[in-house]
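These notes concern the structure reproduced below.
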Amino acid sequence: MFEIQPMDPERYREQTRRSTLIIVALLAVSCVGMATLSIALFGTPGGNNFRWNLGGVLAGLLLAIAIVRFYCWQQPWMASAVYGFRLKRNLMKVTNIMHQVEAGVAANDPTAMRVLRFYHLGVTQMYRLDGNTSALSDMVRQVDEHRERMLAHGLTPEQERLDPAWLSAVSERWRGGKD
């Protein structure tokens with residue numbers, strides 16, 4: 001279950017810039033270090049060491065990915081970046097079944113309406129966090145109309161949580177436009 005958390009956009013951007021710089025530095029150090037080590041161990045002086053260099057860079061990339069995933073991911077300085085990643089990932093899950101969600105909303109399916117409301121709230125937050133106010137202003141009317149529709153059907157518009165079971169239910173029920 002994913003839940004939208006309140007977050008200050010300025011602080012989010014500051015923290016994600018910092019974590020990005022740390023990750024880039026880690027990537028550079030690991031790739032250069034592994035390439036240098038690979039050439040030192042397996043290369044030939046004055047010879048063509050391209051394959052050892054490339055192998056070292058690839059090993060450095062894999063090492064950096066492992067360090068980020070298994071160590072950095074849990075660090076407090078990565079919290080904003082991890083949250084942004086998880087938010088975007090959950091929004092993509094909804095986007096992948098948007099045809100079914102829209103079919104369900106058109107038929108007044110409460111689960112589909114909740115999923116679309118979560119999507120609207122999540123996209124709104126992502127645009128605010130990224131500082132994309134022009135895209136945000138483009139969707140205000142659609143978000144407000146859906147909110148009013150939910151209220152008219154007695155559904156609460158506070159949908160900060162996304163239950164994976166909702167996605168499965170909407171996807172199954174509205175696959176191919178059937179009801």
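The values are calculated or read from the model by the stated rules, or taken from the named source; none is laboratory data. This structure is a prediction, so every number in the text was calculated from the model and none was measured. All Cβ positions, even for glycine, are placed from backbone atoms using ideal geometry, and neighbour counts span all protein chains on display. Quick note on the areas: whole protein, heavy atoms, side chains included, nothing else; ligands and nucleic acids left out. Shrake-Rupley method; radii C 1.70, N 1.55, O 1.52, S 1.80 Å.
For the chain, what does the relative contact order come out to in percent, with C-alpha contacts under 8 Å and a separation of six or more? Kindly include the intermediate steps, with their values, before the conclusion.
Details: 170 pairs, mean separation 51.1, N = 179.
Dividing the mean separation by the residue count of the chain yields 29 percent.
Among 114-125, 85-96, how do they line up by average Cβ neighbours within 10 Å per residue, starting with the highest?
On the way: 114-125: 21.6, 85-96: 15.0.
In decreasing order of mean packing, 114-125, 85-96 become 114-125, 85-96.
Multiply the residue gap between residue 165 and residue 70 by 0.36 nm, knock off their C-alpha separation, and tell me the result in nm, one decimal place.
Result: 31.4 nm gained on full extension.
Using the Karplus curve 6.51 cos²θ - 1.76 cosθ + 1.60 with θ = phi - 60°, work out ³J(HN,Hα) for each residue of region 78-92 in order, rounded to whole Hz, and write x for Gly and Pro.
Result, ordered by residue: 9, 4, 5, 5, 5, 4, x, 4, 5, 4, 5, 5, 5, 5, 5 Hz.
Measure off, as a whole percent, the carbon and sulfur share of the 1.4 Å-probe accessible area of region 100-179, all protein chains present.
On the way: 1950 of 4280 Å².
Here carbon and sulfur together make up 46 percent of the probe-accessible area.
Starting from the Cα-Cα distance between residue 17 and residue 124, subtract it from 0.36 nm times their residue separation and give me the gain in nm to one decimal. Intermediate values should be presented prior to the final figure.
Details: separation 107, 0.36 × 107 = 38.52 nm, distance 2.05 nm.
That works out to 36.5 nm of additional length.
To two decimal places, what compactness ratio does the chain give when its Cα radius of gyration is scaled by 2.2 N^0.38 Å? Before the final figure, lay out the partial values.
Details: Rg = 22.6 Å, N = 179, 2.2 N^0.38 = 15.8 Å.
Ratio of Rg to 2.2 N^0.38 Å for the chain: 1.43.
Probe of 1.4 angstrom, ligands and nucleic acids ignored: what's the accessible area per residue over the chain, in square angstrom? Kindly include the intermediate steps, with their values, before the conclusion.
Numbers: 10890 Å² over 179 residues.
Computed with neighbouring chains in place, this is 61 Å² per residue.
Can you give the extra length, in nm with one decimal, that the chain gains between residue 134 and residue 151 once fully stretched, where that is 0.36 nm per residue apart less the Cα-Cα distance? All intermediate terms of the calculation are to be shown ahead of the outcome.
Details: separation 17, 0.36 × 17 = 6.12 nm, distance 2.67 nm.
This chain segment gains 3.5 nm when fully extended.
Dividing the convex hull volume of the alpha carbon atoms of region 1-91 by its residue count, what do you get in Å³ per residue? Don't skip to the end; give the middle numbers.
Numbers: hull volume 10.1 nm³, N = 91.
Convex hull of Cα atoms, per residue: 111 Å³.
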